Structures are given as C-alpha cells and as structure tokens.
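What follows is a short report on a single structure.
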C-alpha cells in the first residue's frame with residue numbers, strides 16, 4: 001500500500017478495501033457484495049500515536065486477513 005492509499009471496509013459485507021485518497025467521496029460497487037458504497041474520507045494520520053507501555057494491552061493483527069489467497 002503506498003502513502004496515498006488507505007484501507008476501509010464495505011459497510012454491507014465488511015469486505016476490506018483500499019483506494020487512493022483522491023477518490024474519497026466517490027461511489028463504487030463493492031467487488032464482494034455488489035452494493036454501491038461511498039468511499040469514506042481517509043482517516044487522520046496516526047503514525048505518531050504512542051501507546052503507554054503501562055497500558056498492559058497488546059493487540060494482535062492477522063496479516064492474512066488483509067490479503068486472502070486468490071484476492
């Protein structure tokens with residue numbers, strides 16, 4: 001994913017999608033459920049957000065969910 005792309009989800013079927021920031025606000029057809037959805041605005045930059053080490057929380061992330069085989 002390049003720096004101009006962001007990830008979002010279809011609000012009908014939760015299909016993960018990504019697009020270039022310049023397409024925010026446009027309508028597209030979800031490739032999974034074929035429902036028409038509006039591409040949301042990109043999220044605010046969170047690259048500098050820090051989590052306190054005292055929080056005791058660790059969040060796992062399944063990288064396979066982003067790029068399922070055959071996608």
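The values are calculated or read from the model by the stated rules, or taken from the named source; none is laboratory data. All values reported here derive from a predicted model rather than from experimental measurement. For neighbour counting, all protein chains shown are included, and Cβ atoms are generated from backbone atoms with ideal geometry for every residue, glycine included.
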Residues located in the range 18-35, provided they are in a strand (DSSP E or B) and over 13 Å from the mean Cα position of the chain (by Cα)
27, 28, 29
Among the residues of the range 1-17, the number that are surrounded by 12 or more Cβ atoms within 10 Å (Cβ to Cβ) and within 12 Å of the chain's Cα centre (by Cα) is 10
Single residue of the range 36-53 satisfying the filter (part of a loop (DSSP other than H, G, I, E, B) and farther than 18 Å from residue 7 by Cβ) that is modelled with the lowest pLDDT
48
